[in-house]
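A short write-up of the structure that comes next.
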Amino acid sequence: MRLGDDRDLGRDEPDALIGTQIGPLTLVRRLTEGGMGSVYLAEHAELHTQQAVKVLSPHITQNEVLVRRFVNEVRGAALLRHRNLLRAHEIGRLPNGSWFMVFDYVDGQSLGRFIRSHTGPIPLPIVVHVVSEIANGLHAAHAHKIVHRDLKPDNALMVALEGDPHHMVVLDLGVAMLGDDPWSAPRARSGVVIGTPAYMSAEQLRGDQVTAASDIFALGVIAYQMSTGGWFPYQHGESRTGYCELAATELYHRQMTEPAIDPRKHCSRLGSAWASALLAAVSADLDVRPARRARARAQPGRRADQHRTDRRPRDRAQLRARADRRRRGRRSGPRAPACARFRPTTWHRATSSAPSSAPAGWPRCSPGR
């Protein structure tokens, strides 16, 4: 379990670390518990502010590889300063030898819980906004040569911020791959492929070098789930739980031998452009997947299903043809004023926020009316 998941942890159970002092911070309550350790709520003695403290389990501390992964999480979070990423402040060791990290306390629910709370497809404007928020965070990480490698709904926290009820914060860089770190080899020297198989790309499942393209694949799976009511792109007749329990070899075989299921089979009202973008994002073919960048500025005033999904021309002939079309368009008459060319959307008026961003190669979309 990770920060933002709202399951009951039995807060009345005794915990030896409650009351522990870490500088001016005092651990007051356990928030979450996972395979690598626990997260506690801490209060500052003088400022009366709240922070979150992640403490590595004592038995994990003895494992050099897992400790290195934990340190990677702090290093990655400390490098990044972005509104869609969790910020780390400090790292150290407790008197009992356990490692800890201090980071911002964010109160919200996991994206996984939000998806499970809907019995059907989530409205497209919300999907576009959520995916864009996560993509912004990934772009910041990729710019620092950091690949998340374990992106999934339970690793993204939804909070209310500045009038936006669906602001997203990406969590858990504990298995992140730092660009020049030899410890960040695909199998992390442990002999085990790192990540959650249901959200892993084919190249990650087979243990190849992981790049930003794998994060785009995971983000595509999240967008596919939100758009279809929880379905996975390669899910057949099994339940969602059954699909998540499939062996990594079976998931890899499906990606390599069959195309992803058209999302319109689960939600017929999806536009063709958005459906094509989802299928491209979860494709096993890296030439099809939009993996060049994790962020592209959205264009206001147009709906997600009204945008072209063609990619940038690759040869000079295509570039010349596109330039000729643009020149002919300019000669056809004067352009309308900017205020007439762009129509502000209901979403932007309601939130007073800047247009969202989405992975390059996806439709440049705005939620629209």
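The values are calculated or read from the model by the stated rules, or taken from the named source; none is laboratory data. Remember, it's a predicted structure, so these values are computed and weren't measured experimentally. Glycine also receives a Cβ, built like all others from the backbone with ideal geometry; neighbour counts cover every protein chain displayed.
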Query raised in the report: Looking at (1) assigned to a loop (DSSP other than H, G, I, E, B); (2) out of contact with any Lys or Arg (no Cβ under 9 Å at 6 or more places or on another chain), which is the only condition W231 fails?
Result: (2)
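Each row is one residue, and each column tells you yes or no for (1) surrounded by fewer than 18 Cβ atoms within 10 Å (Cβ to Cβ); (2) under 18 Å from L85 (Cβ atoms); (3) in contact with a His (Cβ under 9 Å, 6 or more places away or on another chain); (4) at pLDDT 90 or above.
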position	(1), (2), (3), (4)
L124	no, no, no, yes
V127	no, no, no, yes
L138	no, yes, yes, yes
L151	no, yes, no, yes
N155	no, yes, yes, no
V192	yes, no, no, no
Query raised in the report: Are there any pairs, at least 6 apart or on different chains, whose C-beta atoms fall under 7 Å, with the first in segment 214-235 and assigned by TED's automatic domain parsing to the domain that holds A156 and more than 18 Å from L246 (Cβ to Cβ) and the second part of a helix (DSSP H, G or I) and charged (D, E, K, R), and if so, which?
Result: S214/E203
Report summary line: Restricting attention to segment 273-321, the residues that are surrounded by fewer than 20 Cβ atoms within 10 Å (Cβ to Cβ), of a type in the set (D, E, K, R) and modelled with pLDDT of 80 or more number exactly 2
Report summary line: Of A223, A160, the only residue that is modelled with pLDDT of 90 or more and either more than 17 Å from the chain's Cα centre (by Cα) or closer than 20 Å to K54 by Cβ (or both) is A160
Report task. With the condition kept exactly as written, say whether any residue in segment 45-63 is surrounded by 15 or more Cβ atoms within 10 Å (Cβ to Cβ), modelled with pLDDT under 85, out of contact with any helix residue (DSSP H, G or I) (no Cβ under 7 Å at 6 or more places or on another chain) and not assigned by TED's automatic domain parsing to the domain that holds N155. Result -> yes
Query - A77 being in a helix (DSSP H, G or I), in the same structural domain as F217 (by TED's automatic domain parsing) and buried (at least 17 other Cβ atoms within 10 Å of the Cβ) - result: no
**Report entry** Positions within segment 114-127 being more than 13 Å from the chain's Cα centre (by Cα) and of a type outside the set (G, A, S), in sequence order
**Finding:** F114, I115, R116, H118, T119, P121, I122, P123, L124, P125, I126
Query - Any chance N96 is in contact (Cβ under 8 Å) with a residue 40 or more places away in the chain and outside any strand (DSSP E or B) - result: no
Query raised in the report: Which condition number does E238 fail, the rest of (1) charged (D, E, K, R); (2) under 24 Å from I146 (Cβ atoms); (3) not in a helix (DSSP H, G or I) being met?
Result: (2)
